[in-house]
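Read the structure below first, then the notes.
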Amino acid sequence: MGEGEGSLTEQAIDLRYEGRDDEAVALLRKAVDLGEPDALPELAYALLNSRDPAEAVRVVEKAVKRGRTDLYSLLASLASEVGDARKSERAYRAAIESGDASALNDYGIFLRGQERYRESIEILRRACELGDVLAPGNLVATYANELGDLSTAIEIGERYVDPGRPSVYPALAAAYAKAGRLEQADDLFRQGIEVGSPKSHQAYAWFLWTGRNDPVAAERQFWLAFDADEPNWSLGLGELLIELGRREEARAVLERGAEWGDLDARALLNENGL
């Protein structure tokens, strides 16, 4: 390795940015063999976008069986991505039993995705009590979106909203919007951006699009999500561009997201024949 080239893992990440996934996977396999600490998760994410995404699960599962119990949460997330709910739940439970408190929040989201809402709320409340900074926002969203209980959602959101828990801002703002309190919602979405809420530009974009009927402002926020490298940034922007009849632009955006393992972006491409 020449001076300044960085680790094999770093080189592989650069290759993925260039869309050279096959080369990145080969380099990451070498990095794993050499014991580079971040190589295995990066390999899993790269494989998730390959012709055989289930290999991502197999690679991490083998590592877990060899003693990498720190990867239980990653295994759970990958299994969920490829549709293996049973394996995902087992891995989440194993992560929690091994002392990974942060897995509680992810497990709560998983249960919500399985429409097991009461179990999800129980787990998310437990995560809140243990100080997880993401769980309060997810708890607010579960009450507001899945259970339609806006009063409880707003009560919890107002109790927890704080710069130290940035995920609460967009969740509470969305609950305000559902309750017709649009000015409060708009203000809180903006505050969420200021405090660095996860996917805050996307959350505000959806509000501007669906709540304010302002697709121009929404598109601007979706592009800011891209600039901020927010996860899954391409999906909402792709949907908006399709809605506006700008299909070629939508295809380019969604293909970029799919290249980085966004399975929802890939599905939207296929659904719309792009």
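The values are calculated or read from the model by the stated rules, or taken from the named source; none is laboratory data. Not measured: the values here are computed from a predicted model. All Cβ positions, glycine included, derive from the backbone under ideal geometry; neighbour counts span all protein chains shown. Areas reflect the complete protein model, heavy atoms only, side chains present, ligands, DNA and RNA absent. Shrake-Rupley method; radii C 1.70, N 1.55, O 1.52, S 1.80 Å.
Once all protein chains are placed together, Trp223 keeps about 100 Å² accessible to a 1.4 angstrom probe.
Given a 1.4 Å probe, how much area per residue of the chain is accessible, in Å²?
Here the residues of the chain average 51 Å² of exposed surface.
So, with a 1.4 angstrom probe, what is the percent of accessible area on the chain that is carbon and sulfur? Display every interim value, and only then the final one.
Numbers: 6440 of 13940 Å².
In the chain, the share of accessible area belonging to carbon and sulfur is 46 percent.
The radius of gyration of the Cα set in the chain, together with its Dmax, comes out at 19.7, 60 angstrom. Hydrophobic long helices, here whole DSSP H runs in the chain with Kyte-Doolittle means of at least 1.0 and Cα atoms spread over 30 Å or more along the helix axis, are not found.
For the ranges 238-246, 36-44, what's the packing order if you count other beta-carbon atoms within 10 Å of each residue, average per peptide, and put the highest first?
Working: 238-246: 17.8, 36-44: 19.8.
Output ranking for 238-246, 36-44: 36-44, 238-246.
For the stretch 45-85, the equivalent ellipsoid derived from the alpha-carbon gyration tensor has semi-axes of 17, 11, 7 Å in decreasing order.
Take the Cα of Ser102, step 7 Å toward its Cβ, do the same at Leu244, and the gap between the two points is 3.6 nm.
Between Thr210 and Glu155, what length comes free when the chain is fully extended (0.36 nm per residue of separation minus the Cα-Cα distance, one decimal in nm)?
Working: separation 55, 0.36 × 55 = 19.80 nm, distance 2.38 nm.
This chain segment gains 17.4 nm when fully extended.
Note on the chain: dipole from Cβ charges, positive end direction compared against Ser50, Ala217, Ile109; the farthest Cα belongs to Ile109.
The largest accessible area among Glu158, Glu61 belongs to the first residue in Glu158, Glu61, and the rest follow in falling order (1.4 Å probe, all chains).
Computed about the Cα centre, the dipole magnitude for the stretch 121-274 is approximately 120 debye when only Lys and Arg (+1) and Asp and Glu (-1) carry charge, each at its Cβ. Ligands, DNA and RNA excluded, the heavy atoms of Asp21 present near 30 Å² of accessible surface to a 1.4 Å solvent probe. The alpha carbons of the stretch 214-274 give a radius of gyration and a Dmax of 10.5, 29 Å, in that order.
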